[in-house]
Amino acid sequence: MLFYRAALPLSRSTLTYTGGVIRRHRQSIGSAWRLLNPGRQALLVLVYLRKGDTFAEIAAGFGVSTATAWRYVEETVELLAARSPKLHHALRKAKKEGHAFVVIDGTLIPIDRVAADRPFYSGKHKHHGMNLQVISSPDGTILWVSGALPGSVHDLKAARIWGVLRELEKAGLIVLVDKGYIGAGQHVITPYRGKNKPESQKLANRAHAKLRAPSERANAQLKTWRILRKLRCCPHRAGHLAKAIHVLQNREAHDR
């Protein structure tokens, strides 16, 4: 087997933060000596999430067993996901920061499944995957990421399952969405549907799309972490991975 050094497009601050989370956890549980120190464990996890390599490849690169690499990743992902903001906290913060509106958008995390797994098949995307709901600010900062639901679940149904629409209405926030959320409520603004629309509706749709554009890039930000481009693990892990990446992505954005 050949080995080589490679760069990881993340800041030193993100590595330090992740290592600190691991170090405090080890101290709290009285963890015994481990093969990798907190900093090296943090680097292993960041490589896994950002590059999307297999556990066997990661393990070989860090000189540990595949099982150890898996345990390190599972432990750290759980620790980071637990730091992802709860929905009501995220909306309260958005209200406090005075955002003119927020954007909800669904995204599909592709999974490795066969055609027989119909609950995971998204007719919209023509692919098997897991549905995630993402709330972002007008400038594209990710505010909240939901858990994962099978890809066959419609975006509007997913938003209702997670209680997103109810909490947004309680928070008094204006919400911009795409046509997949039509019927969500009066506080949710969708584009006009249909052909041969009057010019006023066409102008309104263009303005709506322009306001949503920066926020919709939030989903693209998540998928710069290659682990979310196609999951090879249990599909229901998608939510935990996305929440952990949300914490790391906002840390990166803070350091820019």
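Overview of results
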item	result
Single unsatisfied condition, G147 versus (1) outside any helix (DSSP H, G or I); (2) within 17 Å of N250 (Cβ to Cβ); (3) of a type in the set (G, A, S)	(2)
Sole exception among (1) within 30 Å of L10 (Cα to Cα); (2) surrounded by 13 or more Cβ atoms within 10 Å (Cβ to Cβ); (3) of a type in the set (K, R) for R229, by number	(2)
Subset of segment 126-153 [over 18 Å from A218 (Cα atoms), surrounded by fewer than 18 Cβ atoms within 10 Å (Cβ to Cβ) and touching a helix residue (DSSP H, G or I) at 6+ places or on another chain (Cβ under 7 Å)]	S152
Residue ID - nearest to E252 (Cα to Cα), chosen from residues in segment 195-208 that are open to solvent by 50 Å² or more (accessible area, probe 1.4 Å) and of a type in the set (D, E, K, R)	R206
Search result, residues across segment 226-243 that are closer than 13 Å to L132 by Cβ and in contact with a Leu (Cβ under 8 Å, 6 or more places away or on another chain)	L228, L231, R237, A238, G239, L241, A242, K243
Residue satisfying condition, being buried (at least 17 other Cβ atoms within 10 Å of the Cβ) and in contact (Cβ under 8 Å) with a residue 40 or more places away in the chain, within set L248, L211	L248
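The rows are residues; the columns are (1) out of contact with any Gly (no Cβ under 7 Å at 6 or more places or on another chain); (2) aromatic (F, W, Y); (3) assigned to a helix (DSSP H, G or I); (4) closer than 24 Å to K124 by Cα.
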{"site": "L173", "(1), (2), (3), (4)": "yes, no, no, no"}
{"site": "G183", "(1), (2), (3), (4)": "yes, no, no, yes"}
{"site": "Y192", "(1), (2), (3), (4)": "yes, yes, no, yes"}
{"site": "A209", "(1), (2), (3), (4)": "yes, no, yes, yes"}
{"site": "A238", "(1), (2), (3), (4)": "yes, no, yes, yes"}
{"site": "A244", "(1), (2), (3), (4)": "yes, no, yes, no"}
{"site": "V247", "(1), (2), (3), (4)": "yes, no, yes, no"}
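The values are calculated or read from the model by the stated rules, or taken from the named source; none is laboratory data. If you're wondering where the values come from, they're calculated on a predicted model, not measured in any experiment. When we count neighbours, we look across all protein chains shown, and the Cβ atoms used for this are built from the backbone with ideal geometry, even at glycine. These accessible areas exclude ligands, DNA and RNA; they are computed on the full protein's heavy atoms, side chains included. Shrake-Rupley method; radii C 1.70, N 1.55, O 1.52, S 1.80 Å.
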